[in-house]
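A.B. asks: Questions regarding the structure given below will be posed in turn.
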Amino acid sequence: MSARNIIIALAVVVLAIAGVLGYMTMNGTPQRADLRIGLVLEPPILDPTAGAATAIDDVVYQNVFEGLTRIDEHGAVQPALATSWEISPDNLIYTFHLAKNVTFHDGTTFDADDVVYSYNRILAADSVNAQKALYAVIASVTAVDPQTVKIVLSAPSGRFLFDAGRGDASIVAPESEPTNDAKPIGTGPFKFIDWQKGANLTLARYDGYWGTKAALGKVTYVFIADGVARTNALLAGDIDGINNTDATSLPVFAKDARFKVLVGSTEGEVILAQNNARPPFDKLQVRQAIAHALNREEIIKGASSGYGVPIGSHFAPHNPYYIDLTGTYPYDPAKAKALLAEAGLPDGFSATIKVPPVPYAQLGAQIIASELAEVGIKLTQVAVDWPQWLGDVFTKGDYDLTIISHSEPFDIGIYADPNYYFHYNDPDFQAIISKLNATTDEAARKELAIAAQKRLAEQAVNGFLFELPKTGVWNAKLEGMWQNEPIEGVVLTGVHWVK
Amino acid sequence: MIWFAVRKFFGFAVTFVVAALVIFAALDLLPGDPARFILGINATPETVAALQHQLGLDLPFWQRFLRWLGGMLVGDFGTSYAQNQPVGALIAGRLAVTLPLTFLAMVLSMLIGLPIGILAARRRGSLADTGLMVLAQFGVAVPNFWFGMLLVLLFSVTLHWLPPGGFIPWGDNPAGALNSLVLPSIALALPQAAILARVMRTALVDVQGSDFIRAARARGLTMSEAVWQHGVRNALLPVLTILGLQFAFLVAGTVIVENVFYLPGLGRLIFDAISARDLVLVRGAIIILVLAVTGTMFLTDLLYGWADPRLRARDAA
Amino acid sequence: MSSLLEMLRRGWRGHWSLRIGTIAALVFLLIGFVSFVWTPYPIERLDVGSAMQGPSLAHWLGTDHLGRDLVSMVMKGTRTSFVVAAIAVAIGALIGVPLGLGAAAWGGPLEWLILRLSDFLFAFPALIIAIIITTLFGPGAINAMIAVGIFNIPVFARVARGGALSLKSLDYLAAGRLAGLSNWEVARKHVLPNIMSLIIVQATIQLALGILAEASLSYVGLGTQAPATSLGLMLKDAQTYVLLKPSLALIPGLTIVLIVIALNIAGDGLRDLLDPRLKRIGALRAAD
């Protein structure tokens, strides 16, 4: 046997193996009730009441766990485990009537004691709930009878029912709570099956579900952090859809009939945040100059493939109180240079921009650096990862500029806190917000919200860029996905295949 | 021999403990707080403090280090901050991907590299030799992530022959698991194959001129038979040395390929854990890699010492 | 040193691989270094409006996703890749060679310590340490140089020590020592010039490996950062758009491949020329 024969034999064996394996993967399935969905980030744990990671809600929110209320696709509060409720005239006492015949996935029954347990766990001194502050308004939670819970607030709160619908307020059972991190047990339409760390996570329809049962029999989440790998996985059919992927990959799918691209809105305002306490950003003219130097159209095209609505203040365009303020400081480099000269900086200045690891920020920072360079502002781009961003920028406030999306709904109030990392201390604005918080009349609230938006825009507190789009890509035969993202989560209750 | 082994073991133990200290200290310096990362931007300072206490992050440096080192001696690598799971189990799960991937890549690199080396050596100076060696130059020069990208574009996106990435657990479907390792192992194996081909060729060319081949020819074997029966076996020694050296580096080198193919391996575990400041997990995973490399070195030293008494003597001197 | 140049001059004619490799490597070097003074377009000024253009008279290779001219990008990218790799080699050689010479000259505890240190560095998975270094000190070209350079130290230390040991028994060293030269002077005046060829060959190989390492680091986002560019960073940026415009990934990828091949061929040629005993390339690549 000569060397050449051996080589030929080896080649034949290798090709044969490749052929067999290839054939096996090509075998499709005719009728499907399962879904393989791509997720950018893997959840660290699966208990939505014990961590802030969005990926936790992406898997379990309204799928595995339910709260007293739920948020629907349009951001409205709907009944969930509480099928109805009454509110006392002073807006302090909420009486929730719970759904009947509800069981947890381990077969135990759900009743008022579970609600009391879950809420007391959020409020406890050693609580590690990421949104504990939202629920600080609760004075007491008591079970009136197995089907009725009474929650007393210490002050009226217009958003309490919304907060009760967050993943952070999911109802857990005392028996299964300690193991919810790895093996979540909830009351939702899907039950947890299996979690292969680093690879995928499987849910299956819970046949004992008390409400409308899910159409999908089985859901597999595939974790793909790399944007290109996600695109490839979709193109190769390894996954059926992605709830939200980098906008930069959308042009590939936009013209492909096998896919549908769902572009919706999120609550995320992408801003060029400025350290208002640090010179020269403490000068109004400098901030105005930056605002004039920013070309939103170019930024949206380059950083988000053209998807995303330009904003002129810190407010979501789909909100009824929204007012378009993008014209406050239109793109005008000459004006920007003049303003810098007025501020005593005719030659511009140098600053650093801290860039978190997301495509809109990485691309956006390059474009903004180029635009600001045109008016004489030289930016040094410093890449940071999330823990660094949280530590240096958010907690310590140690930065000049950064790019970030603020994804909390209706969060314009953060500008009223002078200690927030923008370090924006404006008594006029603070007065508007405290008045807004104390106002219940709808027309008056709208007026105040508009005043707040205008004040931020005029003061050019931050560079207001665009509303982050939600860009989902799905198999064209899938229906029932949420187009918008009013709250964190990938709700699969209504998702189904069509012919 | 006993003394030799004891001395070597001492060196191994010192390296390991120093490595552990370096890893622990370096990771302690990383900016960013694990508790803050887990809880996100809306958590109150009290909540963050509560979690820090729960994770043991509020203890002094030495206490945490000694606790970690002590735990490792009894096989306890600690509990992951972010995932609240034993680090040992998390790492074991990842090794079930990384080790087979490395092994497959090594086998592939031999299947591709050795025959090419043999062929080139047999046809030394011919067009085939030149062509194959030019190919080998390409193999050495191609960045493996780029090659992986091209493989996915061709075999997954265009031809739909093989999955573009991901991993089916061995327990679910062994064939599927193997299938998901085909493209990554090819991407990983190519540079190794190219190096092996070159080493094999050089070694064989050296051997062809040697006495025992001439002796075999004199016994009436053809050149082919002589080289195959005697030459290849002798040439395999340098090849095996290289393979042994590269195994450890391959294990660590999978990190990039695991990213391209979103495989749940050890490299990606470390990468993800660093960006989540899951320091316990990072420390455990790196120390396992260090242990693998130093352990291999220690065993190799022992084997060499056992095989070659002169080495023992020299080392003692 | 003069004997080295003499040898190079003699060998130049006979070794076609040396000629091709060296010329090709120098051409790439030139392309890269011209970008210090001139590129067809400035790459810092983005022009999103003219992104993703095909080749034209204005842009010979077209433009990328931010409207930057690809010819200019390749020029600057080549330069960064070369500079990062070269400085990493310099770090390795400047620290590693004295260590290796010292180990060979004094032996004993010093040698033991140096060997342990180099074992210690080998025991760490290089890429992962690079990830930690860049997370600690921030990603960027300079930290990438340091991260790659650290792992060049033991490579050069071993080569220098091995070369020096093989010379140790030679008469002229003994003569030098008899003439009253210290260990260090012997090493510097007699050993170093004689192992220079080994070090140059190793440097060429490490340069090629350094270019690949820079590409890997930049690919995972820890190497060169915008607005600077390197071939690795270009590949990272390109992958998102590879399906829309494959040339974005093919051009920098092929550039890397060609540079590395050029350097490797030049290195192989040099080795054959300078030291025929070193034909076993594998031993030199153990640090791969």
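A.B. asks: State all residues of the stretch C:231-274 that are closer than 24 Å to residue C:30 by Cα, over 14 Å from the mean Cα position of the chain (by Cα) and of a type in the set (S, T, N, Q); if no residue qualifies, say none.
C.D. replies: Matches in the stretch C:231-274: C:247, C:255.
A.B. asks: For residue B:143, work out the one condition from (1) facing another protein chain (nearest Cβ under 7 Å); (2) surrounded by fewer than 24 Cβ atoms within 10 Å (Cβ to Cβ) it doesn't fulfil.
C.D. replies: The number of the failed condition is (2).
A.B. asks: Next question, about the same structure. Can you spot a residue in the stretch A:289-305 that is more than 27 Å from the chain's Cα centre (by Cα), among the basic types (Lys, Arg) and modelled with pLDDT of 95 or more?
C.D. replies: no
A.B. asks: Working carefully through the options A:231, A:248, find the one that is out of contact with any strand residue (DSSP E or B) (no Cβ under 7 Å at 6 or more places or on another chain), buried (at least 21 other Cβ atoms within 10 Å of the Cβ) and more than 14 Å from chain B (Cβ to nearest Cβ).
C.D. replies: Of the residues listed, the single one that is out of contact with any strand residue (DSSP E or B) (no Cβ under 7 Å at 6 or more places or on another chain), buried (at least 21 other Cβ atoms within 10 Å of the Cβ) and more than 14 Å from chain B (Cβ to nearest Cβ) is A:248.
A.B. asks: Going by the conditions given, is residue A:433 more than 20 Å from the chain's Cα centre (by Cα), more than 10 Å from every other protein chain (Cβ to nearest Cβ) and surrounded by 20 or more Cβ atoms within 10 Å (Cβ to Cβ)?
C.D. replies: yes
A.B. asks: Looking at the structure I just gave you, is residue B:151 within 27 Å of the chain's Cα centre (by Cα) and in contact (Cβ under 8 Å) with a residue 60 or more places away in the chain?
C.D. replies: So residue B:151 does not fit the description; no.
A.B. asks: When you go through A:164, A:199 one by one, which is the residue that is in contact with a strand residue (DSSP E or B) (Cβ under 9 Å, 6 or more places away or on another chain), within 14 Å of chain B (Cβ to nearest Cβ) and of a type outside the set (Ser, Thr, Tyr)?
C.D. replies: One residue alone meets the criteria, A:199.
A.B. asks: Shifting gears a bit: Using the structure shown, decide if residue A:94 is farther than 30 Å from residue A:217 by Cα, crowded, with 19+ Cβ neighbours inside 10 Å, more than 14 Å from every other protein chain (Cβ to nearest Cβ) and of a type outside the set (A, V, I, L, M).
C.D. replies: yes
A.B. asks: Another question, if that's okay. Kindly check whether there is at least one residue in the stretch A:214-221 that is within 14 Å of chain B (Cβ to nearest Cβ) and aromatic (Phe, Trp, Tyr).
C.D. replies: Yes: one or more hits.
A.B. asks: Which residue out of A:465, A:363, A:379 is hydrophobic (A, V, I, L, M, F, W, C) and either in a helix (DSSP H, G or I) or without any contact (Cβ under 8 Å) to a residue 12 or more places away in the chain (or both)?
C.D. replies: Result of the check over A:465, A:363, A:379: A:363.
A.B. asks: Let me ask you something else. Quick check on this structure: which one of C:187, C:144 is over 21 Å from the mean Cα position of the chain (by Cα) and buried (at least 24 other Cβ atoms within 10 Å of the Cβ)?
C.D. replies: C:187
A.B. asks: Pairs needed: first member in the stretch A:56-74, modelled with pLDDT of 95 or more; second member anywhere, among the acidic types (Asp, Glu); C-beta distance under 6 Å; at least 6 residues apart or different chains.
C.D. replies: Listed pairs, sorted by first residue: none to list.
A.B. asks: Could you tell me whether the stretch A:402-422 includes any residue that is of a type in the set (Ser, Thr, Tyr), free of Cβ contacts under 8 Å to residues at least 60 places away in the same chain and farther than 30 Å from residue A:58 by Cβ?
C.D. replies: Checked the stretch A:402-422: no residue is of a type in the set (Ser, Thr, Tyr), free of Cβ contacts under 8 Å to residues at least 60 places away in the same chain and farther than 30 Å from residue A:58 by Cβ.
A.B. asks: Kindly establish whether residue B:212 is assigned to a loop (DSSP other than H, G, I, E, B) and either surrounded by 23 or more Cβ atoms within 10 Å (Cβ to Cβ) or among the aromatic types (Phe, Trp, Tyr) (or both).
C.D. replies: Taking the combined requirement at face value, the residue does not satisfy it.
A.B. asks: Within the stretch B:154-168, which residues are more than 12 Å from chain C (Cβ to nearest Cβ), out of contact with any Phe, Trp or Tyr (no Cβ under 9 Å at 6 or more places or on another chain) and free of Cβ contacts under 8 Å to residues at least 12 places away in the same chain?
C.D. replies: B:159, B:160, listed by residue number.
A.B. asks: Let me ask something else about it. Please work out if residue A:225 is surrounded by fewer than 21 Cβ atoms within 10 Å (Cβ to Cβ), farther than 25 Å from residue A:464 by Cβ, hydrophobic (A, V, I, L, M, F, W, C) and within 14 Å of chain B (Cβ to nearest Cβ).
C.D. replies: Yes; evaluated as a whole, the condition is true for this residue.
A.B. asks: Which residue is farthest from residue B:188 (Cα to Cα), if the candidates are limited to the stretch B:88-135 and must be loosely packed, with under 14 Cβ neighbours inside 10 Å and polar (S, T, N, Q)?
C.D. replies: Looking at residues that are loosely packed, with under 14 Cβ neighbours inside 10 Å and polar (S, T, N, Q), I get B:126.
A.B. asks: Can you find a residue in the stretch A:386-400 that is over 24 Å from residue B:42 (Cα atoms), in a loop (DSSP other than H, G, I, E, B), without any contact (Cβ under 8 Å) to a residue 40 or more places away in the chain and not acidic (Asp, Glu)?
C.D. replies: Scanning the stretch A:386-400 turns up no residue that is over 24 Å from residue B:42 (Cα atoms), in a loop (DSSP other than H, G, I, E, B), without any contact (Cβ under 8 Å) to a residue 40 or more places away in the chain and not acidic (Asp, Glu).
A.B. asks: Whether any residue in the stretch A:74-87 is charged (D, E, K, R), surrounded by fewer than 21 Cβ atoms within 10 Å (Cβ to Cβ) and within 14 Å of chain B (Cβ to nearest Cβ) is what I want to check.
C.D. replies: Looking for residues that are charged (D, E, K, R), surrounded by fewer than 21 Cβ atoms within 10 Å (Cβ to Cβ) and within 14 Å of chain B (Cβ to nearest Cβ), one finds none in the stretch A:74-87, hence no.
A.B. asks: Could you pull out the residue among B:11, B:70, B:88, B:93 that is assigned to a helix (DSSP H, G or I), at negative phi, touching a helix residue (DSSP H, G or I) at 6+ places or on another chain (Cβ under 9 Å) and more than 8 Å from every other protein chain (Cβ to nearest Cβ)?
C.D. replies: Answer to the selection: B:88.
A.B. asks: From the list C:244, C:192, C:235, exactly one residue is surrounded by fewer than 24 Cβ atoms within 10 Å (Cβ to Cβ), within 14 Å of chain A (Cβ to nearest Cβ) and of a type in the set (A, V, I, L, M). Which is it?
C.D. replies: C:244
A.B. asks: How many of the residues in the stretch C:56-71 are in contact (Cβ under 8 Å) with a residue 24 or more places away in the chain and either touching a strand residue (DSSP E or B) at 6+ places or on another chain (Cβ under 7 Å) or more than 14 Å from chain A (Cβ to nearest Cβ) (or both)?
C.D. replies: Total satisfying the criteria: 5.
A.B. asks: Please find, among A:392, A:417, the residue that is surrounded by 18 or more Cβ atoms within 10 Å (Cβ to Cβ), within 14 Å of chain B (Cβ to nearest Cβ) and closer than 30 Å to residue A:350 by Cβ.
C.D. replies: Just a single option satisfies the conditions, and that option is A:392.
A.B. asks: State which residue pairs qualify: first residue more than 11 Å from chain B (Cβ to nearest Cβ) and closer than 13 Å to residue C:19 by Cα and inside the stretch C:255-271, second residue of a type in the set (Phe, Trp, Tyr) and assigned to a helix (DSSP H, G or I) in any location, beta carbons under 9 Å apart, and separation of 6 or more residues or different chains.
C.D. replies: Here the result reads C:269/C:16, each pair linking the stretch C:255-271 to a residue that is of a type in the set (Phe, Trp, Tyr) and assigned to a helix (DSSP H, G or I).
A.B. asks: If you check C:79, C:116, which single one turns out to be basic (Lys, Arg) and either assigned to a loop (DSSP other than H, G, I, E, B) or crowded, with 23+ Cβ neighbours inside 10 Å (or both)?
C.D. replies: C:79
A.B. asks: Output the number of residues of the stretch A:35-73 satisfying the condition of being part of a loop (DSSP other than H, G, I, E, B) and either within 14 Å of chain B (Cβ to nearest Cβ) or surrounded by fewer than 23 Cβ atoms within 10 Å (Cβ to Cβ) (or both).
C.D. replies: Residues in the stretch A:35-73 being part of a loop (DSSP other than H, G, I, E, B) and either within 14 Å of chain B (Cβ to nearest Cβ) or surrounded by fewer than 23 Cβ atoms within 10 Å (Cβ to Cβ) (or both): 16 in total.
A.B. asks: For the stretch A:258-313, which residues satisfy the criterion of being of a type in the set (S, T, N, Q), within 14 Å of another protein chain (Cβ to nearest Cβ) and farther than 30 Å from residue A:237 by Cα?
C.D. replies: The one that is of a type in the set (S, T, N, Q), within 14 Å of another protein chain (Cβ to nearest Cβ) and farther than 30 Å from residue A:237 by Cα: A:295.
The values are calculated or read from the model by the stated rules, or taken from the named source; none is laboratory data. None of these values were measured; they are calculated from a predicted model. As a convention, Cβ positions derive from the backbone with ideal geometry for all residues, glycine included, and neighbour counts pool all protein chains shown.
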